[in-house]
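Take a look at the structure below.
The values are calculated or read from the model by the stated rules, or taken from the named source; none is laboratory data. Every value quoted in this text rests on a predicted model; they were computed, and no experiment measured them. So basically every Cβ, Gly included, is an ideal-geometry build from the backbone, and we count neighbours across all protein chains shown.
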Amino acid sequence: MSGDNGRKNYDEASGMQQALIAKGVPAKAIFCDYAGFSTLDSVVRANKVFSENHITIISQEFHNQRAIWLAKQYGIDAIGFNAPDLNMKHGLYTQLREKLARVSAVIDAKILHRQPKYLGPLVMIGPFSEHGCPAKE
């Protein structure tokens, strides 16, 4: 799970973790990246922090297209699983935001060669790893 955790009382990764646990995924099989402040951060950290070269991105289709493109720009093999769109109420806002995010992604990857805001130490993930996704109370 990768998501923003940069503000008090805002924790995307733990929310996703809890949703998976509720669906029966064992907690020890879930690893969290609390520094996924942007799509680029999440994708690049999957490789540079978690040593993953092949990733599956689960999100809405419009977001997966950008995330997979970013992964390829950084030499990461990625596939996407498209989750259903949950809220069409904000459709126009989402479409505009995504267009701007795609322009930003091109600038970040092709011109600025931007790296994640935070990298940190390597984290090994897998069945024998002691590091996981600590449950938040």
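Specify which of the listed residues (R45, R66) is buried (at least 19 other Cβ atoms within 10 Å of the Cβ), outside any loop (DSSP other than H, G, I, E, B), free of Cβ contacts under 8 Å to residues at least 60 places away in the same chain and not hydrophobic (A, V, I, L, M, F, W, C).
Details: R45 fails: free of Cβ contacts under 8 Å to residues at least 60 places away in the same chain.
Checking each option against the conditions leaves just R66.
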Checklist line | Residue that is modelled with pLDDT under 95 and part of a helix (DSSP H, G or I), where the choices are L92, L86 | finding: L92
Notebook entry, point to check: Can you name the residue in region 39-70 that is aromatic (F, W, Y) and under 21 Å from K117 (Cβ atoms) and, of all such residues, is modelled with the lowest pLDDT?
Noted result: F50
Next item on the list: Go through region 53-63 and give me each residue that's within 15 Å of F31 (Cβ to Cβ) and either among the hydrophobic types (A, V, I, L, M, F, W, C) or buried (at least 17 other Cβ atoms within 10 Å of the Cβ) (or both).
Entry: I55, I57, I58
